[in-house]
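Heads up: the structure comes next, in structure tokens.
Coordinate-derived values only; no laboratory data. Just so it is clear, the structure is predicted and the values come from calculations on it, not from any experiment. Cβ: placed from backbone, ideal geometry, glycine included. Neighbour counts: every protein chain shown.
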């Protein structure tokens, strides 16, 4: 890359949105950096994320609970709380705050084999 | 990596510290993820950062001004504001808030050639 870029993670936040909003901040290299804005969404019942990539994710605004498949109770996340989820670590978002945007920053370490 | 890890970017914040505090969150792969906590520190007068790596940096708490060498005026950063600084983009932190911690999250894309 060769140009300075700038933005705000808290700009253009949807107040209420029917679906999660996902914006790519960086992509194309060995990692992918995303801003995700939830508006009360959760992972659909019975579904789990099961990723090929390691993911580091931090909640920056709002609130959520995240359930890991091998844990009995969900984890409650407040602003600043981060999780490092290794590839293959099944997890789901059980709940996000219904009364305002929940902002996540997610860093995916793309598995060997190329850009996706 | 194989184990879930968790933490908070806002935990164990020094209230006032004589030097910036830098914590590695992720390292050893093609990128390095750092939490930096400033307590009023700035880049020493006349000095510039001039890095071999691309850096994506976001201010999450506090306030700062960052000067890019090819810009006349510094940029004021508030929580959520991020910058993508390509390798070789000379920059310096002119000021950080003196009255409380300024928390940064910095992602360095390590240049080709190995882990550092």
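Go through the range B:62-105 and count every residue that is in contact (Cβ under 8 Å) with a residue 60 or more places away in the chain and surrounded by fewer than 19 Cβ atoms within 10 Å (Cβ to Cβ).
Looking only at that region, the number is 1.
If residue B:18 passes every condition in (1) on the phi < 0 side of the Ramachandran plot; (2) in contact with a strand residue (DSSP E or B) (Cβ under 9 Å, 6 or more places away or on another chain); (3) without any contact (Cβ under 8 Å) to a residue 40 or more places away in the chain but one, which one does it miss?
Only one criterion in (1) on the phi < 0 side of the Ramachandran plot; (2) in contact with a strand residue (DSSP E or B) (Cβ under 9 Å, 6 or more places away or on another chain); (3) without any contact (Cβ under 8 Å) to a residue 40 or more places away in the chain is unmet by residue B:18, namely (2).
Is it the case that the range B:1-12 has a residue that's surrounded by 15 or more Cβ atoms within 10 Å (Cβ to Cβ) and touching a residue at least 60 places away in the same chain (Cβ under 8 Å)?
yes
Assuming residue A:19 fulfils every condition listed in (1) surrounded by 16 or more Cβ atoms within 10 Å (Cβ to Cβ); (2) part of a loop (DSSP other than H, G, I, E, B) apart from one, which condition is it?
Residue A:19 satisfies every listed condition except (1).
Any idea how many residues of the range A:25-48 are within 12 Å of another protein chain (Cβ to nearest Cβ), on the phi < 0 side of the Ramachandran plot and either surrounded by fewer than 17 Cβ atoms within 10 Å (Cβ to Cβ) or part of a loop (DSSP other than H, G, I, E, B) (or both)?
Counting residues in the range A:25-48 that are within 12 Å of another protein chain (Cβ to nearest Cβ), on the phi < 0 side of the Ramachandran plot and either surrounded by fewer than 17 Cβ atoms within 10 Å (Cβ to Cβ) or part of a loop (DSSP other than H, G, I, E, B) (or both) gives 3.
Show me the strands (runs of 3 or more DSSP E) entirely contained within the range A:69-112 in which 2 or more residues are within 11 Å of chain B (Cβ to nearest Cβ).
Filter on the range A:69-112 gives A:75-77, A:81-85, A:102-109.
Is it true that some residue in the range A:49-67 is more than 14 Å from every other protein chain (Cβ to nearest Cβ) and not in a loop (DSSP other than H, G, I, E, B)?
Scanning the range A:49-67 turns up no residue that is more than 14 Å from every other protein chain (Cβ to nearest Cβ) and not in a loop (DSSP other than H, G, I, E, B).
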